[in-house]
Amino acid sequence: MKWLSMGIAFMMSYEPLFETMRKKGITSYRLQKMGFNRATYYAIKNGNSVSTNTIHLLCKLLDCRVEDIMEYVADPPE
């Protein structure tokens, strides 16, 4: 997902989430059964923004840290 803050573009990547899920053997179906909204999962998969409450819930369900869910990716300087 790309954001614009004070004229500076930056990206958040949720690739760590998918890697964490792979490592823990948790599928999107199992995540849904644990109480995570399927539509929110697909929003993340499509790179849409999510709330800090969503990140909190993922950390709780997966027993992991924020950096295991998302990472900041800076755009290269122009």
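The values are calculated or read from the model by the stated rules, or taken from the named source; none is laboratory data. All values derive from a computational prediction rather than experimental measurement. Ideal geometry is used to build each Cβ from the backbone, glycine not excepted, and the neighbour counts take in all protein chains shown. Calculation scope for accessible area: heavy atoms of the full protein, side chains included, ligands and nucleic acids excluded. Shrake-Rupley method; radii C 1.70, N 1.55, O 1.52, S 1.80 Å.
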Worksheet entry | Boolean, Gly47 is loosely packed, with under 10 Cβ neighbours inside 10 Å and not in a helix (DSSP H, G or I) | no
Discussion item. I need every pair where a residue in the range 56-71 that is farther than 16 Å from Met12 by Cα and at pLDDT 95 or above has its Cβ under 7 Å from the Cβ of a residue that is assigned to a helix (DSSP H, G or I) and of a type in the set (Val, Ile, Thr), sequence separation at least 6 or different chains.
Written reply: Cys59/Val66; Leu62/Thr20; Cys64/Thr20
Response to the item:
Picked from the range 2-33 (must be open to solvent by 70 Å² or more (accessible area, probe 1.4 Å) and aromatic (Phe, Trp, Tyr)), the residue modelled with the lowest pLDDT is Trp3
Worksheet item: Taking Tyr72 and the conditions (1) open to solvent by less than 60 Å² (accessible area, probe 1.4 Å); (2) not in a helix (DSSP H, G or I), which numbered condition does it fall short on, given that it satisfies the others?
Response: (1)
Worksheet item: What number goes with the only condition from (1) part of a helix (DSSP H, G or I); (2) touching a Phe, Trp or Tyr at 6+ places or on another chain (Cβ under 9 Å) that Tyr41 does not pass?
Response: (2)
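Out of the residues in the range 50-69 that are assigned to a helix (DSSP H, G or I) and β-branched (Val, Ile, Thr), which is most open to solvent (accessible area, probe 1.4 Å)?
Of all residues in the range 50-69, those assigned to a helix (DSSP H, G or I) come to 52-62, 66-68.
From what's left, β-branched (Val, Ile, Thr): 52, 54-55, 66.
Numbers: Thr52: 114, Thr54: 24, Ile55: 15, Val66: 76 Å².
Taking the candidates together, the pick is Thr52.
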